[in-house]
1. Return the total of residues in the stretch 10-50 being touching a Leu at 6+ places or on another chain (Cβ under 7 Å) and at pLDDT 85 or above.
2. Which members of the stretch 54-93 meet the condition of being out of contact with any Leu (no Cβ under 9 Å at 6 or more places or on another chain) and open to solvent by 70 Å² or more (accessible area, probe 1.4 Å)?
3. Hey, among the residues in the stretch 1-45 that are assigned to a loop (DSSP other than H, G, I, E, B) and open to solvent by less than 30 Å² (accessible area, probe 1.4 Å), which one's farthest from E87 (Cα to Cα)?
4. Please identify the pairs in which a residue from the stretch 77-88 that is part of a helix (DSSP H, G or I) has its Cβ atom under 7 Å from the Cβ atom of a residue that is open to solvent by 90 Å² or more (accessible area, probe 1.4 Å) and of a type outside the set (D, E), counting only partners at least 6 apart or on another chain.
5. Would you point out which residue out of R25, R17 is basic (K, R) and within 19 Å of A94 (Cβ to Cβ)?
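The values are calculated or read from the model by the stated rules, or taken from the named source; none is laboratory data. If you're wondering where the values come from, they're calculated on a predicted model, not measured in any experiment. Backbone-built Cβ (ideal geometry, glycine too); neighbour counts: all protein chains shown. What goes into the accessible areas is simple: the full protein's heavy atoms, side chains included, and nothing from ligands, DNA or RNA. Shrake-Rupley method; radii C 1.70, N 1.55, O 1.52, S 1.80 Å.
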Amino acid sequence: VFHGRILAQRVVGQETRYEVEVKARYRHRFPLVSREYLWVPNTCGCPSLREGGEYLLMARRHVNHEHTLNRILLQDHGYARPWTPREARLVREAGRHC
């Protein structure tokens, strides 16, 4: 779970690749650097992310069986909401209880 600002987007085949500036990390399940690519299947029911927008994102690290692909993936059951101070507070509070 992290707070990110969308810098750019590009459609690549059946997916959209977003360049994201990572502003804050709420869960540390895998390391993130200050700029990451977030991949979203075009079939995902996720809300579309607009360039310049800031979002609270719950994504997962996806590594294929051959270990040749290692990326951050926002899946259908992922979480993408516009970032607000209230959303950030709720996620921090939930993190303390989970």
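1. So the count comes out to 9.
2. H65, E66, H67, T68, N70, D76, H77, P85, R86, R89, R92
3. Of the residues in the stretch 1-45, the ones assigned to a loop (DSSP other than H, G, I, E, B) are 1, 13-14, 26-34, 42-45.
Next, from what is left, pick out any that are open to solvent by less than 30 Å² (accessible area, probe 1.4 Å): 32, 44.
Numbers: L32: 20, C44: 22 Å.
My answer is C44.
4. So the pair list comes out as E87/R81.
5. None of the other options fit; the residue is R25.
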